[in-house]
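S.K.: Have a look at this one before I ask anything.
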Amino acid sequence: MATLEHGTPETPGAEARDSIAVENPATGEVIRRIAVTPPERVAEMVARARAAQTAWEALGFDGRARVLRRAQKWLVDHRDEVIATIVAETGKTYEDALVAEIMYGVSAFGFWAKNAPKFLEDERVRAASPFVAGRKLVVRYRPVGVVGVIGPWNYPLTNSFGDCIPALAAGNAVVLKPSEVTPLTSLEMLEGMRASGLPEGVLQVAPGYGETGAALIDEVDMVMFTGSTRTGRKVMERAAKTLTPVSLELGGKDPMIVLADADLERASNAAVHYSMQNAGQTCISVERVYVEEPIYDEFVGRVTQKVRALRQGEPHGPGSVDVGAITSPAQLDIIDRHVREAQEAGAEVLAGGHRAPGAGRFYEPTVMVGVDHSMLALREETFGPTLPIMKVRDADEAVRLANDTEYGLAASVWTKDAAKGETLARRIEAGAVCVNDAQLNYLALELPMGGWKQSGLGVRHGAAGIRKYTRQQALLVTRFAPTKKDLHMMGYRAATTRVLGALVRLLYGRGRRD
Ligand code: NDP
């Protein structure tokens with residue numbers, strides 16, 4: 001399908017809509033040109049997936065787990081090639097690709113292979129109602145059929161391909177539409193899945209633009225979308241036409257609260273790392289910091305010094321740079337707009353504050369103070385290597401500001417008093433809150449990860465993160481019926497109705513009430 005043209009210079013954006021020229025954002029070079037799946041071809045792909053799904057489901061948990069475990073081994077063995085692809089199409093550092101993509105992927109294969117049966121096996125339940133006494137009651141999870149995964153460009157393995165793993169483990173076929181900016185990792189993972197014994201048609205990749213994603217929504221039985229809140233709304237609107245369920249993991253504006261009794265060195269290292277990691281292009285990166293007055297100057301000083309020391313540029317293997325490129329062309333403009341607008345409104349830039357010169361797409365690691373909530377940099381997702389820091393009077397003001405947002409993806413609280421930290425964490429309106437850490441909750445696949453408010457709908461990870469790829473079926477099986485005609489059946493007689501009435505009093509009318 002795809003022709004490989006390493007290093008061919010091309011004019012970005014000049015390509016026709018029937019192909020994608022994949023660029024290395026760190027160099028501006030086109031590394032490969034691939035064919036687009038046009039929207040008209042999507043129905044055919046989904047039909048193929050539907051045909052392949054039956055046998056895949058019939059393999060059962062053990063058969064599917066064998067393929068997933070082989071894929072885990074494949075990824076371990078081919079990690080260098082996959083890292084090279086991720087780094088080339090995103091411009092991220094070697095470490096960002098290793099830690100947040102490969103390590104996530106290998107752990108996810110093992111986690112879902114092991115836990116899919118635990119989360120999806122038939123559940124026997126008992127009911128309180130006397131009408132069902134003696135019956136067998138079962139909750140059954142049946143795969144939805146074909147799942148459409150629509151992914152973003154910031155984590156082509158973790159956030160695009162990663163969602164295919166639980167969907168497949170549950171017994172579904174999947175059609176993946178990766179971002180037009182980063183389709184190569186998904187294509188490589190598809191090869192890895194084939195090499196690991198995944199039957200043809202069970203996973204297909206449909207590289208394309210937004211319209212290919214939109215067409216996919218019309219055909220599949222469930223949509224897993226990761227991306228912007230704006231596009232997430234469009235996805236949900238489109239899915240409403242066919243009443244197709246959606247799970248949406250959208251943008252965030254994650255706050256970090258640093259209390260006066262925090263370990264300043266650890267908190268400042270974390271503020272730098274979790275805002276600059278992946279050049280800030282992480283849905284759960286630290287996007288804004290609130291620091292209590294007594295330690296504010298010291299904290300800002302440490303953070304600024306550390307950010308100025310970061311090395312940025314084209315990654316050349318392990319340890320070569322700390323901060324990589326900005327993956328999507330449009331993102332560079334958003335980051336710059338947030339910084340410029342804040343500066344014009346009175347913010348002070350203590351480090352960075354500019355696009356970096358050269359052929360690649362880079363934005364200097366940036367620290368800003370003198371910011372407030374009237375600025376885009378504090379309100380909208382910047383998704384770049386920027387860290388705006390605000391001084392607050394106390395923890396209450398910090399929580400109020402942390403919650404003053406339309407987003408609610410993740411947050412963190414920093415204090416040596418872990419109990420106080422946990423109490424504050426419970427007051428923050430976000431799907432995940434860490435105390436004296438940030439982002440690490442994402443690696444605990446046992447924990448649900450999902451946004452509140454405008455940050456999303458549904459979760460990935462945990463039991464709910466795989467049950468969403470299934471339909472629940474309630475089964476009631478009566479093996480032995482004690483009577484030929486039950487008490488509630490027609491042919492009503494006053495005597496039996498009186499027994500039913502007495503039952504109401506007997507079952508629900510006794511006991512003391514306050
Ligand atoms: P989008 O949300 O637009 O894109 C995400 C995916 O949806 C891509 O595969 C995209 O395809 C596809 N898509 C676009 N339009 C439609 C549609 N109408 N129906 C179905 N699928 C569609 O991300 P952007 O690149 O525009 O990023 C914008 C902002 O989103 C960023 O500035 C950032 O704030 C946020 N973002 C958040 C992410 C997260 O992890 N939560 C990840 C990425 C971005 P295509 O790429 O071809 O347009």
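Since every read-out is calculated from the coordinates, none of them should be taken as a lab result. The model shown is predicted, which means the values in this text are computed figures rather than measured ones. As a convention, Cβ positions derive from the backbone with ideal geometry for all residues, glycine included, and neighbour counts pool all protein chains shown.
S.K.: Using the Cβ atoms and a cut-off under 12 Å, what net charge is assigned to the surroundings of VAL433, where Lys and Arg are +1 and Asp and Glu are -1?
M.R.: Cβ neighbours under 12 Å give a net charge of -2.
S.K.: Set Lys and Arg Cβ to +1 and Asp and Glu Cβ to -1, take the dipole of the chain about its Cα centre, and tell me which of GLN473, LEU264, GLY509 lies farthest positive.
M.R.: Checked the options; the winner is GLY509.
S.K.: Through the Karplus equation 6.51 cos²θ - 1.76 cosθ + 1.60, θ set to phi - 60°, convert the phi angles of the range 128-139 into ³J(HN,Hα) values in whole Hz; use x for Gly and Pro.
M.R.: Karplus values, whole Hz, x for Gly and Pro: 7, 5, x, 5, 10, 3, x, 8, 8, 10, 9, 9.
S.K.: Now a separate question. Going by a ≥ b ≥ c, the root eigenvalues of the Cα gyration tensor, does the range 221-331 fall in the rounded group (a/c under 1.5), the prolate group (a/b larger than b/c) or the oblate group?
M.R.: oblate
S.K.: While we're looking at this one, here's another question. Give me the angle, in degrees from 0 to 90, between the Cα long axis of helix 229-241 and the longest principal axis of the Cα atoms of the chain, rounded to the nearest 10.
M.R.: That works out to roughly 30 degrees.
S.K.: Would you mind checking the tilt of helix 210-219 against the longest principal axis of the Cα atoms of the chain, expressed as 0 to 90 degrees and rounded to 10?
M.R.: 10
S.K.: Rounding to the nearest 20 debye, state how big the charge dipole of the chain is about its Cα centre with +1 on each Lys and Arg Cβ and -1 on each Asp and Glu Cβ.
M.R.: On the way: 61 positive and 63 negative charges, 784 e Å.
It works out to roughly 3760 debye.
S.K.: For Cα pairs less than 8 Å apart in space and 6+ apart in sequence, what is the mean separation divided by the residue count of the range 319-374, i.e. the relative contact order in percent?
M.R.: After rounding, I find 36 percent.
S.K.: Suppose the chain between LYS420 and GLU191 were pulled fully straight at 0.36 nm per residue; how much longer would it get relative to their current alpha carbon spacing?
M.R.: Values: separation 229, 0.36 × 229 = 82.44 nm, distance 4.89 nm.
Fully extending the segment from LYS420 to GLU191 adds 77.5 nm.
S.K.: List, in order, the whole-Hz ³J(HN,Hα) value for each residue of the range 80-86 obtained from phi through the Karplus relation with A = 6.51, B = -1.76, C = 1.60 and θ = phi - 60°; use x for Gly and Pro.
M.R.: Once rounded to whole Hz, the list reads 5, 5, 5, 4, 4, 5, 4.
S.K.: Tell me, ASP254, ASP122, ASP163 in order of fewest to most beta-carbon neighbours within 10 Å?
M.R.: Ranking ASP254, ASP122, ASP163 by Cβ neighbours within 10 Å, fewest first, gives ASP122, ASP163, ASP254.
S.K.: Right, another one. Figure the gain on full extension for ASN403 and ARG467 (residue separation times 0.36 nm, minus the Cα-Cα span) and round it to one decimal in nm.
M.R.: On the way: separation 64, 0.36 × 64 = 23.04 nm, distance 2.95 nm.
Additional length available on full extension: 20.1 nm.
S.K.: From the helices alone, meaning DSSP H stretches of at least four residues, give me the mean residue ellipticity at 222 nm for the chain, per-run term -39500 (n - 2.57), in deg cm²/dmol to the nearest 500.
M.R.: The helix contribution divided over the chain gives -11500 deg cm²/dmol.
S.K.: Obtain the nm distance between the two label points defined at ALA330 and ALA495 by a simple spin-label model: each point lies 7 Å from its Cα along the Cα-to-C-beta direction.
M.R.: Label-label distance for ALA330 and ALA495, simple model: 7.5 nm.
S.K.: Another question, if that's okay. Using +1 at the Cβ of each Lys and Arg and -1 at the Cβ of each Asp and Glu in the chain, identify which of PRO365, TRP153, VAL349 lies farthest towards the dipole's positive end.
M.R.: Highest projection toward the positive end goes to TRP153.
S.K.: Based on other C-beta atoms within 10 Å, arrange PHE109, PHE480, PHE225 from fewest to most.
M.R.: PHE480, PHE109, PHE225
S.K.: Going by the alpha-carbon gyration tensor, a ≥ b ≥ c the square roots of its eigenvalues, is the range 152-286 rounded (a/c under 1.5) or, if a/c is not under 1.5, prolate (a/b greater than b/c) versus oblate?
M.R.: The shape class here is prolate.
S.K.: Calculate, axis by axis, the spread of Cα positions in the chain along the three principal axes, and write the results as whole Å, longest axis first.
M.R.: For the chain, the Cα spread along each principal axis is 88, 63, 39 Å.
S.K.: Before anything else, pin down the relative contact order of the chain: Cα pairs under 8 Å, at least 6 apart, normalised by residue count, whole percent.
M.R.: 17
S.K.: Output the 0 to 90 degree angle, nearest 10, between the alpha-carbon long axis of helix 264-276 and the longest principal axis computed from the alpha carbons of the chain.
M.R.: 90
S.K.: About its Cα centre, what dipole magnitude does the range 202-288 give when the only charges are +1 on Lys and Arg Cβ and -1 on Asp and Glu Cβ, stated in debye to the nearest 20?
M.R.: 280
S.K.: Between ARG126 and ALA309, what is the spin-label point distance in nm, taking each point 7 Å from the Cα along the Cα→C-beta axis?
M.R.: That separation, rounded to one decimal, is 6.1 nm.
S.K.: Quick one: Karplus J couplings for the range 416-431, per residue in order, coefficients 6.51, -1.76, 1.60, θ = phi - 60°, nearest Hz, x for Gly and Pro?
M.R.: With coefficients 6.51, -1.76 and 1.60, one gets 6, 8, 4, 5, 4, x, 5, 4, 5, 4, 5, 8, 8, 8, 8, x Hz.
S.K.: Also, I was wondering about something else. Report the Cα centroid-to-centroid distance between the range 171-189 and the range 344-377 in angstrom, as an integer.
M.R.: Spelled out, the Cα-based centre of one part sits 33 Å from the other.
S.K.: Rounded to the nearest 0.05, what FRET efficiency do ASN269 and GLU81 have when you use their Cβ-Cβ distance and R0 = 35 Å?
M.R.: FRET efficiency, ASN269 to GLU81: 0.65.
S.K.: Tell me whether the range 446-514 comes out rounded, prolate or oblate; compute the Cα gyration tensor, take square roots of the eigenvalues as a ≥ b ≥ c, and use a/c under 1.5 as the rounded threshold.
M.R.: It is prolate, given that a/c is not under 1.5 and a/b is the larger ratio.
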